[in-house]
Amino acid sequence: KAINGISNKDIKAFGQYALTAHREGVVLQDDFIQGQRVDAGDAVMLLADEKQLWVEAKVSPNKKLNLSIDSPAVLKLEGQSYNA
């Protein structure tokens, strides 16, 4: 009941602000702590665009594979295949 009684003016007094990114994405990491002062342009979150799948893999140096950085990969997870 008390929370519902808080007006928009009261909320501004708490110093809470909406953070808006210039692009779509999913928050992977936030780099700030509550009460920290931030200025315009400071990076406070790491965003990822999950519209395109990427793979980071560790390959044994003993394996002789002909792979380049842009080699295509297929990720198989729970019976489904995803091109990366």
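The values are calculated or read from the model by the stated rules, or taken from the named source; none is laboratory data. Note that this is a predicted model, so its numbers are computed, not measured. Quick reminder, even Gly has a Cβ in these numbers, built from the backbone with ideal geometry, and neighbours come from all protein chains shown.
At a glance:
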| quantity | calculated |
| --- | --- |
| Hits in segment 22-41 (condition: within 17 Å of the chain's Cα centre (by Cα), surrounded by 10 or more Cβ atoms within 10 Å (Cβ to Cβ) and assigned to a loop (DSSP other than H, G, I, E, B)) | Gly25, Asp31, Phe32 |
| Cβ-Cβ under 6 Å pairs, at least 6 apart or on other chains, segment 55-68 side in contact (Cβ under 8 Å) with a residue 12 or more places away in the chain, far side in a loop (DSSP other than H, G, I, E, B) | Val55/Ala73; Val55/Ala84 |
| Complete set of residues in segment 34-73 that are among the basic types (Lys, Arg) and under 15 Å from Ala84 (Cα atoms) | Lys51 |
| Identity of the residue in segment 42-59, modelled with pLDDT of 85 or more and assigned to a loop (DSSP other than H, G, I, E, B), that ends up surrounded by the most Cβ atoms within 10 Å (Cβ to Cβ) | Val44 |
